[in-house]
1. Which condition from (1) over 11 Å from the mean Cα position of the chain (by Cα); (2) under 27 Å from PRO79 (Cα atoms); (3) of a type in the set (Val, Ile, Thr) is the one that THR58 breaks?
2. Count, please, the residues in region 28-56 that happen to be open to solvent by 70 Å² or more (accessible area, probe 1.4 Å) and in contact (Cβ under 8 Å) with a residue 12 or more places away in the chain.
3. Can you tell me which residue within region 7-17, out of those that are surrounded by 16 or more Cβ atoms within 10 Å (Cβ to Cβ) and assigned to a helix (DSSP H, G or I), is modelled with the highest pLDDT?
4. Across region 57-75, what is the number of residues that are surrounded by 10 or more Cβ atoms within 10 Å (Cβ to Cβ), part of a strand (DSSP E or B) and out of contact with any Asp or Glu (no Cβ under 9 Å at 6 or more places or on another chain)?
Amino acid sequence: MAETAQDDVKSLSFEAALEQLEQIVQKLESGRAPLAESIAIYERGEALKAHCEMLLKTAEARIEKITLSRDGKATGTEPLDAN
C-alpha cells in the first residue's frame, strides 16, 4: 500500500502536494491523531516533501534569464546561473 501512496504523490502538482503537507504538519502538531495514524501520515508527509523538493529542483533547472541588447530589447535567453 505504501507504493500506491507514493505513486499517488508523484501525480500531484507542487501546490497540491504542498497543501497536503501543510495539513499533515498541522494534524501532527495538534496531537489529535492516534499513534498509528500519526506514523502513516508522517510517512506520507515524507513522500510529499521529497516530491516537492524534486519539483522545485526541476523548476530551478528550467529557469532562464532573458538577455537584452544595449538598447534594452530582448535578444534571447541563457541559463540563469551563466555569467
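The values are calculated or read from the model by the stated rules, or taken from the named source; none is laboratory data. Bear in mind that the values here come from a model prediction, so they are computed numbers and not experimental data. As a convention, Cβ positions derive from the backbone with ideal geometry for all residues, glycine included, and neighbour counts pool all protein chains shown. Protein only, heavy atoms only, side chains kept; ligands, DNA and RNA dropped before computing areas. Shrake-Rupley method; radii C 1.70, N 1.55, O 1.52, S 1.80 Å.
1. So the condition that THR58 fails would be (1).
2. Adding up the residues that qualify gives 4.
3. Among them, the one singled out is ALA17.
4. 2
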